[in-house]
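A short worksheet on the structure shown next.
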Amino acid sequence: MPAERVAMRQAREIIRLKFSACLATREIARRLGLAPSTVRETLKRFESAGLTSPPPDAMTDGELEAALYANRRSKRGHRLHSEPDWLTIRRELKRKHVTLLIVWDEYIAENPGGYSYSRFCELYRAFESKLSPTMRQTHVAGERLFVDYAGDGAPVVIDRLTGEIRMAQIFVAVLGASSFTFARATWTQTLPDWIDAHVRAFEAIGGVPQLLVPDNTKTAVIKACHYDPQVNRTYAEMATHYGTAVLPARPRKPRDKAKVEQAVLIVERWLLGRLRHRTFYSLAEVNAAIGELLIHLNEERPIRRLGATRRQLLEDIDRPALKDLPIEPYEFSEWRTCRVGVDYHVDAGFHYYSVPYRFLRAEVDVRLTARTVEIFLKGERIAAHMRMSGNRKHTTLPEHMPSSHRRYKGWTIERIRADARLIGPATAALIEQILEARPHPEQGFRACLGIVRLAGSFGAERLEAAAERAIEIGAKTYGSVKSILDNKLDRRPATKRATDGAPIQHANIRGPRYYH
C-alpha cells in the first residue's frame, strides 16, 4: 500500500524534526502520530524535489505541495499512460444511458495503467467545476428545449414617412445538451406568435425534444403552481401534435431555466448588440438579419472549453435522441368555451355556427383554426364548419335543424310573433321582416326574441315607436332597435300615417326619419 499523503503543516514538521532536530524516522512518526512509511515517503520526496532544508519561509503550502507531489502516481500505483480527454468524456455523458463507470471502463481498456475509478471521478468533477454554472447542469441529449422571450426587443420602423417605431419581440429557444440556439422576431408575445415561434424552432432544429421548458408566462401557463401548473390548452395541444410535453419551470426558481437565461443573454449581446446600428422596415428584415448571425453563432463559433460548435454538438449529441417531425406542421387553433343559444347556434369569432338542435343550452368547447370551426361536447365533436368572416351572420347545416319548431322553455317562433302583435303592429311587422330575410326562420329566432324582450326594459310604447323607426330606415336588427332606444330616437315626432296604423312596407321607401 502506498504511503498516505500528508498535510503541508505535517510535511513542514517532518522536515524540521529530521534536519533541524536530527530525530530518527520512527521517533518523528511517534511524535506526529504518523506511520513510519509515510514519514519516509515524505522525506524521499523532499530529497527528490531538490529542496533546501528547511524550506524557505516564502514558500507557500501550495508551492511546497506542488514540489513534493508533482510526479505523484495515480491511486492505483500505476504510471499514467494517457490523460483522458475530458471534453470528449463530457460529451459522451450527455448521451442516453451513458455513465461515468461505462466511460471509465472504456478508458481503462485503452489505458491499463490509467487512473483508478475513484481518481477518474475525482479528476472529472474537478474539470467540471471549472465550467460555468450553467454548463455544470446535467442535460440529457434530446431531452429539453428551453424557451423564453428576450427582455429587449429590436426596433422596427413601420412608417417611413413619420418614422414611427415599433419594438419587435425576440423569441429564444435553446437545446439543453448541445446549446444549439434559435431566435426569431415576432410582433407580440401573444399565443399565436408564441405557437408559431415554437413550430419554426422545431423546423430549425430538425426534430422534437422530449420536453419543452417555458417559464410561467401567462401565454403558456394559465395557473402557475409549484406542483401542478395548468398549461394553456392550445399550447398543450401543440405539444401533443409534436409528441412532446410541457414542463414549466417552478415559480421563482430561475435555475430551472438557467440554460435559456444564458441563451437570452447571448442573444441580447451577440445579436441585438450587432444590430443596434441597423434600421429595419419590416419583421422579415429583422428575421433575415437574425438568421445570418445565428449561422455564425451556431456553426462557426466554437463553445469555449468544449472545443466544438453548437451545430456539431447538435449533430453528435442531440440529433440521435430527437423525435422526428410530424408530416404536417401544427396549425394554430384557439379554444373557447361557449353555450349553445336557444336557436341552436354558437357565437364564435363574431359568427353563428349551428349544432344539432338537441344540444340547446349545452356548454360546449369550440376549436377555431384559420379555416375550420369544430364544436365539442365532453370531448366528442358534434359539429364542424368552414370558418366564416366575423359578419354576425349564421352558418346553418340542414341536418342540424329540427323537423318542426321545438319548444324550449315555452318559447317558439309562433309565441314570439304573438307577443310582437301584442306590443304593436310595427313590432309585429319588424319581426316578420327579420324572419323572412333569413334563409331559415330559426336563424332570426335569437334577434326576434331579443327585440320582444326589450319591452320589459323600455316599455311596449317605446319599443313600438323604435320598431316603426327601424322599418323606416331599414335597420332590421336587434342591435339597431336597441341603439334607437338607448339614444331615445324613438321619442322624436312621428310622421303622420293612415288611421289603421299599419306601416307602409316597401324596400325602396325609407321615410323622412332616414334623413334626420
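Each value in this text was obtained by applying a stated rule to the coordinates, not by laboratory testing. Remember, it's a predicted structure, so these values are computed and weren't measured experimentally. Don't worry about glycine lacking a Cβ; one is built from the backbone with ideal geometry, like all the others, and counts go over all protein chains shown.
Spin-label point model (7 Å from Cα, Cβ direction): what's the Arg276 to Gln230 distance in nm?
Between Arg276 and Gln230, the label points sit 4.3 nm apart.
Under 5 Å between amide hydrogens, which residues at least 5 positions from Lys323 or on another chain qualify, with H placed 1.01 Å from N in the peptide plane?
The list, which skips near neighbours in sequence, is Val208.
Among the chymotrypsin sites (Phe, Trp or Tyr not before Pro) within segment 140-244, which fall in a DSSP loop and have no more than 14 other Cβ atoms within 10 Å of their own Cβ?
Tyr227
Apply 1/(1 + (r/R0)^6) to the Cβ-Cβ distance of Glu461 and Leu397, taking R0 = 41 Å, and write down the FRET efficiency to the nearest 0.05.
Computed FRET efficiency for Glu461 and Leu397 comes out at 0.50.
Between Ser483 and Ala35, what is 0.36 nm times their sequence separation minus the Cα-Cα distance? Round to one decimal in nm.
151.0 nm
Could you tell me the calculated FRET efficiency between Glu363 and Glu414, based on Cβ-Cβ distance and R0 = 30 angstrom, to the nearest 0.05? All intermediate terms of the calculation are to be shown ahead of the outcome.
Details: r = 28 Å, r/R0 = 0.94.
Calculated value: 0.60.
Using 0.36 nm times the number of residues separating Ala204 and Arg301, minus their current alpha carbon distance, what extension gain do you get?
33.1 nm
Please give me, ordered by residue number, the chymotrypsin sites (Phe, Trp or Tyr not before Pro) of segment 263-345 that lie in loop per DSSP and have at most 16 other Cβ atoms within 10 Å.
Tyr281
For segment 144-321, give me the percentage of DSSP beta bridges that are antiparallel, rounded to the nearest 5 percent.
Once the DSSP bridges in segment 144-321 are tallied, antiparallel ones form about 75 percent.
What ³J(HN,Hα) values, in whole Hz, does the Karplus curve 6.51 cos²θ - 1.76 cosθ + 1.60 give for segment 17-31 when θ = phi - 60°, with x put for Gly and Pro?
Per residue, the Karplus-derived 3J(HN,Hα) values read 5, 6, 9, 9, 8, 6, 8, 6, 4, 5, 5, 4, 4, 5, 5 Hz.
Hand me the GluC sites (Glu not before Pro) from segment 277-341 located in a DSSP loop with no more than 15 other Cβ atoms within 10 Å, in residue order please.
For GluC sites (Glu not before Pro) across segment 277-341 that sit outside H, G, I, E and B with at most 15 neighbouring Cβ atoms in 10 Å, the list reads Glu331.
Using 0.36 nm per residue of separation minus the Cα-Cα distance, give me the extension gain between Glu331 and Arg16 in nm, one decimal.
Values: separation 315, 0.36 × 315 = 113.40 nm, distance 8.02 nm.
This chain segment gains 105.4 nm when fully extended.
Calculate, for Ser129 and Glu292, the FRET efficiency according to 1/(1 + (r/R0)^6) with r their C-beta to C-beta distance and R0 30 Å; round to the nearest 0.05. Please list the in-between numbers first.
On the way: r = 36 Å, r/R0 = 1.21.
Efficiency at R0 = 30 Å is approximately 0.25.
Evaluate the distance, in nm, between pseudo-label points positioned 7 Å from the Cα of Glu27 and of Arg339 along their respective Cα→Cβ axes.
Result: 10.2 nm between the two label points.
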